Amino acid sequence: MATVVTTLVAPKGSEESSDPPVPRSTLVRKVALDGFGAWVLLGAVLVLWGLRFGTGLQENAWFALAEPLLIAAGIAVMVSAPWLASSHSVARWARLVVVGLVVIAFLAWAWQQILIAPAYATDELAFDQYAAHLLLAGVDPYKVSLGAAFARYQVSPDAYTLRYNGLPVTTLSYPALAFLAYVPLLLAGIHAQAGEIVDVIAWAVTIVLMWLAVPRSWRPLVLVLVSLSAYIAYAVGGVTDAVFVPMLVGVAALLGRFVEHRRFGWLAPMLLGCAMAVKQTPWLVAPFLAIIVLRAVADREGWTVAWRRLLWFVLVTAILFFVWQIPFILWDSRAWLAGVLTPFNSSVVPAGQGLVALTLSLGIGGGGLGWLSVLSFVILAGGLVVAWLTWPRTAWLAFLVPVVALFFATRSFGSYFVNLIPPALVALGRWPNGPYVPAWSRLRLVLGGFAALVVVLLARWALSPAPLSVQITGVHTSGQLATVDQVKLSVDNRSGASLRPRYVAVLAGSFSVPWVQLSGPARIAPHSVGTVVIAAPNFPSQPSIVGGFQVVALTQGTMAPSPLYQPGLLHVALVPSAVNQPVRFGQPVLLRAELLNRFDQRVHQAGVPVYLGQVVYAQRGLLYGSSSINQSAPGATPVEELTGPNGVATFRVVDDAREVDPISYEANLVSTDGFYPYGYSQVVPIRFGVKGHLR
């Protein structure tokens, strides 16, 4: 069993603690795997990586080799687990092969994903690369609008970051190293997907660094963690966090060397400064690391030395942060400051998967979003006090307390919650976790007061309803596109002020750009109800009619989501789902349209109108079909039929025309309230005749 290699020294006097000393190897025994299990887990990781390449042939034939090779390698490792666990010389090289295969598999998989979807999925990646492009052209990216990046990098409108006034954020919102990291690639002539390439390389470096930094018995867990879908999806999906993660992993691994004046210890504050120069998230970690440095040095060399050492740590961190920012500060300090503080700007619309999700989906606390920001600050401040009082037991939580604070923030995305876990794991394996001598009376007082304040702030947020109440009273759809393109709203202003809301649709957890108001009052008078009709500004903003959607009314500092609107929960399936052989002219084909619920179970409801349409998807465009449906005139479409007691409508299709292309059939339902089509079936093509010919 391997022992934890700690680089931060346990505090003096811990042996006199009221708690018995905790052996440094105890922590490893709790989570470490034995040799046999470790190799089985490593083999399973390789198999799972192989399964990710199942569709590789569609993008590049060489990807098809990755699937069997990685699966075979994983099976070989699992089968050889008993031998590898007992042969230390072979195991050392086998571990290197496994981690190398994981890195190569990740790089190949990332390239495959870029080929599948080359457009940038986030505005932050587009802005960063465009900022680097502007810099090389001699333009200060903090002073100009980056709106041109949306079209340049094919960013979908539903990926924009919105302000309450309905306008997207078009200014650079991150410190300079976020885009300076792209400059070497651009200088080398690599412009396509430069942002994703930087993120992918950074995550590959993270894999290697974590493998080297944790105790040997923890390494299988590292490969499992870094291979999780969330991490690799964020790394290739346009989230800049991947760039600072290896830097924070390096800080966690080297901070003890800084405390002990050992070789390469100076890299810890340098890496922290660089991480803070990429994005604002590491800013929240820095105060906790300062406490750790101060307490650790004080335990070794006294408080006088500790304060001097902390000053040196802060100075080096600040230098490495500002060295990347100085050119832009000198260029235009106001523009730079406004840019890097944009994420903290109250004019940016709340979003994310943290507690604010309850506001976005259920409307809880829609009028008190500012209290969430206060709550985040309180948690950070309280965490610093607790970190001081509980040193060193909770030192490794320096990377996770900010995660707790971000959970309550008004902008709390999933990447905030997962990308601080890798350095936290390294810290858990390397930093001291021994006993502490808490001042129990003070600690109880702090924790009690802190918990009471959190409860009060949560209640204040939850009991602050939005001034507006929104109800969807009707929709208009795009027909066979199966989307909603217009919505009728009833908007109730329960406040004493006149309000001018902007309306956005919620699309898979993100907001569309504001919809266009077609009719109704632009301002809703106090204590009055207005009827408003809005239209989608573009196709990506149109929600699907398959399932439900919401509309959110935005006013400065408040959000009012409508209840979930479900256009129709029933749908139709055609049986047979495919006709695989040509059908002779004049021979009838029976298509059964089955009424199904959302779980694809048959709904036995009679008298429901089902409409079957026909069309020819010819090479040169759409053509009318020529078949007769239920003895209607040839080419008539759609044709209505009612369901029987078993919930099935039967259609008899016959074609006598000599057509080359198959006729495609699709069934749907029609809403009895809004008279819009929904519940479309799959498309069933039927080729009539013996054989066609190419033309």
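The values are calculated or read from the model by the stated rules, or taken from the named source; none is laboratory data. From a predicted model like this one, the values you see are computed outputs, not experimental measurements. Cβ placement follows ideal geometry from the backbone for every residue including glycine, while neighbour counts extend to all protein chains displayed. Ligands, DNA and RNA are stripped out before the accessible areas are found, and what is left, the full protein with its side chains, is counted by its heavy atoms. Shrake-Rupley method; radii C 1.70, N 1.55, O 1.52, S 1.80 Å.
The length gained on full extension between residue 303 and residue 642, counted as 0.36 nm times the residue separation minus their Cα-Cα distance, comes to 113.5 nm. When +1 charges are put on Lys and Arg Cβ atoms and -1 charges on Asp and Glu Cβ atoms, the dipole computed for the chain relative to its Cα centre reaches about 1500 debye. Gain on full extension, evaluated as 0.36 nm per residue between residue 334 and residue 187 minus their Cα-Cα distance, stands at 50.1 nm. Placing R0 at 35 angstrom, the Cβ-Cβ distance between residue 80 and residue 115 gives a FRET efficiency of 0.55 after rounding to 0.05. Straightening the chain between residue 261 and residue 96 buys 56.3 nm, computed as 0.36 nm per residue apart minus the Cα-Cα spacing. Seen through its C-alpha gyration tensor, with square-root eigenvalues sorted a ≥ b ≥ c, the range 209-305 comes out oblate because a/c lies at 1.5 or above while a/b is not bigger than b/c. The apolar share of the surface of the range 299-420, taken as the fraction of accessible area on carbon and sulfur atoms (1.4 Å probe, ligands and nucleic acids excluded), comes to 75 percent. Solvent exposure of the chain amounts to 44 Å² per residue of accessible area, where only protein heavy atoms count and the probe is 1.4 Å. How much FRET efficiency would the formula 1/(1 + (r/R0)^6) give for residue 167 and residue 673, where r is the Cβ-Cβ distance and R0 is 41 Å, rounded to 0.05? It comes to 0.75. Measuring nothing but protein heavy atoms, the accessible surface of the range 604-695 at 1.4 Å probe radius is 54 percent carbon and sulfur. Computed from the Kirkwood radius of its Cα pairs, the Stokes-Einstein diffusion coefficient for the chain at 25 °C and 0.890 mPa s stands at 84 µm²/s. Could you let me know the centre-to-centre spacing of the range 619-695 and the range 275-318, using Cα atoms, in angstrom? With the range 619-695 and the range 275-318 each reduced to a Cα centre, they are spaced 71 Å.
When each full DSSP H helix of the chain is screened for a Cα extent of at least 15 Å along its own axis and an average Kyte-Doolittle hydropathy of at least -0.5, the helices passing are 35-51, 63-79, 88-116, 123-136, 194-213, 241-259, 281-301, 303-331, 369-389, 440-462.
Kindly identify the range 438-523 as rounded, prolate or oblate by the Cα gyration tensor criterion: order the square roots of the eigenvalues as a ≥ b ≥ c, call it rounded if a/c is under 1.5, otherwise compare a/b with b/c, prolate if a/b is larger, else oblate.
Prolate, since a/c reaches 1.5 and a/b exceeds b/c.
Projecting the Cα positions of 479, 453, 505 onto the charge dipole of the range 444-556 (unit charges on Cβ atoms of Lys, Arg, Asp and Glu, taken about the Cα centre) puts 453 furthest along the positive direction. Report the residues of the range 571-587 in range of a label on residue 652: point 7 Å along Cα→C-beta, backbone N strictly under 19 Å from it. The answer is 575-576, 583-587. If you take the Cα centroid of the range 81-123 and the Cα centroid of the range 512-555, the two points sit 46 Å apart. Mind running the shape call on the range 282-328? Use the C-alpha gyration tensor, a ≥ b ≥ c as the square roots of the eigenvalues: rounded below 1.5 for a/c, prolate if a/b tops b/c, oblate otherwise. Cα axes put the range 282-328 in the oblate bin. Working from label points 7 Å from Cα in the Cα-to-Cβ sense, the residue 527 to residue 480 distance is 5.3 nm.
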